[in-house]
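Values in this text are rule-based calculations from the coordinates and carry no lab data. Since the model is a prediction, treat every value here as computed from it, not as a measurement. All Cβ positions, even for glycine, are placed from backbone atoms using ideal geometry, and neighbour counts span all protein chains on display.
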């Protein structure tokens, strides 16, 4: 490799060779508004019969799933993310970030002295297709670990049907449903994206701080919405007068609104998506129902304000995750823009995806094997305190520290990657208010107050 090759040169060449035919029709990520940041969808949240045994705990040296430090073959990690369907905008920027991690990891010699390869499959933002994609990666390709999906429903289906029964380490860098935390997963499932129970708890706190004693919940009728509604009810100290689920794609939500406002709640806690949410808010305004709203992160976009009208939405509240800051985040964004100059934007899940792969590879090195039953025991060891902090592009230094018997606390572009007992990470939350047609941050709530 030429000494004057830049990071972007190397990465673009690797991507061309590895991904020239894999991504195919995925297309570049479009301009994402804040309403798309939730990474959930009504599609793909159903159960599936897919599954089966056998991938990921193989022992042949010529595949990705088995062996320890003695093999020279690349370690293959699978990713099942959407390149088609409702959440297809997220797929390529997430894969881009994982390829950046591959470049950094391999330049440092890799875990166990082996290179890392990413094998990708399209979930289609659908549970059945997602399970089929994961089955191919685990059973046919024999990957040692899997990263994905985006939709919580797809992630849960993959976990229950593929990764958990096959005992394959599974990290999601985008799915946020609280239900993932309670999976019977034997500690094989982790995530680098904040659990939405934090959002629900802050929603309840906002309403209480406004002096309100009553609230109703309107939620999209899928795993994401139901779990958030349940968490809100258990967190809210006042009276939850109604909990009403809805199906997206309707032209009228008057029945939903009538049911939610039947006992005149002072607030609505809304856990849904922008398309249905804007329709619902417009019909709420036209119907003169009264009360106020606290909106999920997915609704915090300029599109929602323009579609509903600033005069309608002014005074409403919302909740979002505090974006990561610091040198690691800034350097990652700069490197991403250099490596992918034609990409309009990158998904916020990009830095989460980078950190998912790096923390996994550090755990592999600490375990001395790709066997997931051993790797899962090291996921917290290399990512949580105590230990010296190693950050973005410092994989090689972290590996050297492990080899010298040191302790490693990985913190990457997404911030601290401290996995709790459920395999979740925590993030500070921000209370937002709509003031004169703009979203204004009102308060930062530290994660340790919500855990």
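Quick one: 411, 306, fewest Cβ neighbours within 10 Å first, how do they rank?
With the fewest neighbours first, 411, 306 line up as 306, 411.
Between the beta carbons of residue 397 and residue 334, assuming R0 = 22 Å, the FRET efficiency works out to 0.65 to the nearest 0.05. Taking label points 7 Å from Cα along the Cα-to-Cβ direction, residue 433 and residue 285 give a separation of 2.0 nm. The calculated P(r) of region 216-324, using every Cα pair and 10 Å bins from 0, goes 14, 52, 31, 3, 0 in percent.
Could you tell me the calculated FRET efficiency between residue 263 and residue 187, based on Cβ-Cβ distance and R0 = 45 angstrom, to the nearest 0.05?
On the way: r = 42 Å, r/R0 = 0.94.
For residue 263 and residue 187, the calculated efficiency is 0.60.
The length gained by stretching the chain between residue 117 and residue 443 to full extension, at 0.36 nm per residue less their Cα-Cα distance, is 113.2 nm.
Taking the DSSP bridge list for region 299-451 and keeping only pairs wholly inside it, about 80 percent are antiparallel. Mean separation of Cα pairs under 8 Å and 6 or more residues apart, divided by the residue count, gives region 211-369 a relative contact order of 18 percent. Here the label points at residue 213 and residue 234, each 7 Å from Cα along the C-beta direction, are separated by 2.6 nm in the simple model. If the segment from residue 303 to residue 252 were pulled out straight at 0.36 nm per residue, it would be longer than the present Cα-Cα gap by 16.4 nm.
Using the count of nearby Cβ atoms within 10 Å as a rough guide to exposure, how do 121, 302 rank from fewest to most? Numbers along the way, then the final one.
On the way: 121 23, 302 13.
Ordered from fewest to most neighbouring Cβ atoms within 10 Å, 121, 302 come out as 302, 121.
Explain nothing, just the number: relative contact order of region 315-451, from Cα pairs under 8 Å at least 6 residues apart, as a whole percent. Result for region 315-451 is 29 percent. Here each label is just a point 7 Å from Cα along the line to Cβ, and for residue 451 and residue 325 those points are 2.1 nm apart.
Taking other Cβ atoms within 10 Å as a rough exposure proxy, 266, 337 sort from fewest to most as 337, 266.
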